[in-house]
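Heads up, the thing below is written out as structure tokens.
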Amino acid sequence: MTIIRTPADEAEARAVQDELRARVVLDEPGPPPGTGLVTGVDVAYDDERDVVVAAAVVLDAATLAVVEETTATGRVTFPYIPGLLAFREIPTVLSALESLENDPGLVVCDGYGRAHPRRFGLAGHLGVLTGLPVLGVAKNPFTFSYDPPGDRRGDSSPLVADDGEEVGRALRTRHGVKPVFVSVGHRISLDNACAHTLALARDFRLPESTRRADALCRRALREATA
DNA sequence: GCGACAG
DNA sequence: ATCTTGTCGC
């Protein structure tokens, strides 16, 4: 089991991000879309009862069929602070991933990777800690600006940082529906991350991996809380 | 100093 | 994230 120490405060958390960011690998294309396994991870909270449940759902990338599901329960160890989301989610997510029998393959998580104030969001953090290829798909653009992509499925527009770097992409996964926001976490290219997202979001706006993980951790939280 | 701000 | 019913539409 991987032991993760929770930072004592915001300053320490930011220092950890600055240190780990150097270990992100950005020059690998990543696995080809539609082959092998893809694992979605998500977390649900009950701050009142101080309970957090993470879910990991392994899918066959070609058929989107569920191959394996796991769940992990923990305590809330860090508050939600924009830019520091990873410290709140990662301990329990790691537990869920480690309890899988299958190799997770490509991991898809909620939130961002490169598209982060310090270029080190949840997806990058999870990638560095596990060594796995990881990409992030968020429902909101966080602090980055973008021009609306075209209306057709597959259309995209760059998410640009202040320094001009394309840190992610607004990607239209459904005709005329609000785009999702894709960014690279670890060991995958942005082009490939978008291709994977599109393949996974075959029937809905969000990738099947995150939809399944979201449903599972919510159900597990209800059952753990009831 | 104030507001914005992934989940 | 979470609090939450019905409702419009494919």
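The values are calculated or read from the model by the stated rules, or taken from the named source; none is laboratory data. The model shown is predicted, which means the values in this text are computed figures rather than measured ones. When we count neighbours, we look across all protein chains shown, and the Cβ atoms used for this are built from the backbone with ideal geometry, even at glycine. The accessibility values were calculated without ligands, DNA or RNA, using every heavy atom of the protein model including side chains. Shrake-Rupley method; radii C 1.70, N 1.55, O 1.52, S 1.80 Å.
Out of the residues in the range A:111-140 that are within 11 Å of DNA strand B (Cβ to nearest atom) and surrounded by fewer than 16 Cβ atoms within 10 Å (Cβ to Cβ), state the one that is farthest from A:ASP203 (Cα to Cα).
If we take residues in the range A:111-140 being within 11 Å of DNA strand B (Cβ to nearest atom) and surrounded by fewer than 16 Cβ atoms within 10 Å (Cβ to Cβ), then A:ARG118 is farthest from A:ASP203 (Cα to Cα).
Going residue by residue through the range A:152-175, is there one that turns out to be under 13 Å from A:LEU198 (Cβ atoms), open to solvent by 10 Å² or more (accessible area, probe 1.4 Å) and in contact (Cβ under 8 Å) with a residue 40 or more places away in the chain?
Yes: the range A:152-175 contains one or more residues that are under 13 Å from A:LEU198 (Cβ atoms), open to solvent by 10 Å² or more (accessible area, probe 1.4 Å) and in contact (Cβ under 8 Å) with a residue 40 or more places away in the chain.
Quick test of your reading of the structure: A:ARG219 fulfils all but one of (1) open to solvent by less than 70 Å² (accessible area, probe 1.4 Å); (2) over 17 Å from the mean Cα position of the chain (by Cα); (3) of a type in the set (Lys, Arg). Name the failing condition by number.
Going through (1) open to solvent by less than 70 Å² (accessible area, probe 1.4 Å); (2) over 17 Å from the mean Cα position of the chain (by Cα); (3) of a type in the set (Lys, Arg) one by one, A:ARG219 breaks only (1).
All but one of (1) surrounded by fewer than 23 Cβ atoms within 10 Å (Cβ to Cβ); (2) touching a helix residue (DSSP H, G or I) at 6+ places or on another chain (Cβ under 7 Å); (3) under 21 Å from A:ARG211 (Cβ atoms) hold for A:TYR45; which doesn't?
The single condition A:TYR45 does not satisfy is (2).
Can you name the condition, by its number, that A:THR6 falls short on among (1) assigned to a helix (DSSP H, G or I); (2) more than 23 Å from A:VAL184 (Cβ to Cβ)?
Against the list (1) assigned to a helix (DSSP H, G or I); (2) more than 23 Å from A:VAL184 (Cβ to Cβ), A:THR6 comes up short only on (1).
When the range A:175-205 is examined, which residues are found to be charged (D, E, K, R), within 16 Å of DNA strand C (Cβ to nearest atom) and out of contact with any Asp or Glu (no Cβ under 9 Å at 6 or more places or on another chain)? Can you show your working first?
Of all residues in the range A:175-205, those charged (D, E, K, R) come to A:178, A:187, A:191, A:202-203, A:205.
Applying the additional criterion that residues be within 16 Å of DNA strand C (Cβ to nearest atom) yields A:178, A:202-203, A:205.
Scanning the range A:175-205 gives A:LYS178, A:ASP203, A:ARG205.
Do we have any residue at all in the range A:54-68 that's touching a residue at least 12 places away in the same chain (Cβ under 8 Å), open to solvent by 60 Å² or more (accessible area, probe 1.4 Å) and within 16 Å of DNA strand B (Cβ to nearest atom)?
No, every residue in the range A:54-68 fails to be touching a residue at least 12 places away in the same chain (Cβ under 8 Å), open to solvent by 60 Å² or more (accessible area, probe 1.4 Å) and within 16 Å of DNA strand B (Cβ to nearest atom).
So, in the range A:77-90, exactly how many residues are surrounded by 17 or more Cβ atoms within 10 Å (Cβ to Cβ) and either without any contact (Cβ under 8 Å) to a residue 12 or more places away in the chain or in contact with a strand residue (DSSP E or B) (Cβ under 6 Å, 6 or more places away or on another chain) (or both)?
Counting residues in the range A:77-90 that are surrounded by 17 or more Cβ atoms within 10 Å (Cβ to Cβ) and either without any contact (Cβ under 8 Å) to a residue 12 or more places away in the chain or in contact with a strand residue (DSSP E or B) (Cβ under 6 Å, 6 or more places away or on another chain) (or both) gives 1.
Give the residues of the range A:185-213 that are out of contact with any Gly (no Cβ under 8 Å at 6 or more places or on another chain), in a helix (DSSP H, G or I) and surrounded by fewer than 23 Cβ atoms within 10 Å (Cβ to Cβ), sorted by residue number.
Correct list: A:ASP191, A:ALA195.
Take the conditions open to solvent by 40 Å² or more (accessible area, probe 1.4 Å) and modelled with pLDDT under 95 and apply them to A:SER145. Does it pass? Don't jump to the end; show me each part of the working.
Working: open to solvent by 40 Å² or more (accessible area, probe 1.4 Å): yes; modelled with pLDDT under 95: yes.
Yes: the conditions hold for A:SER145.
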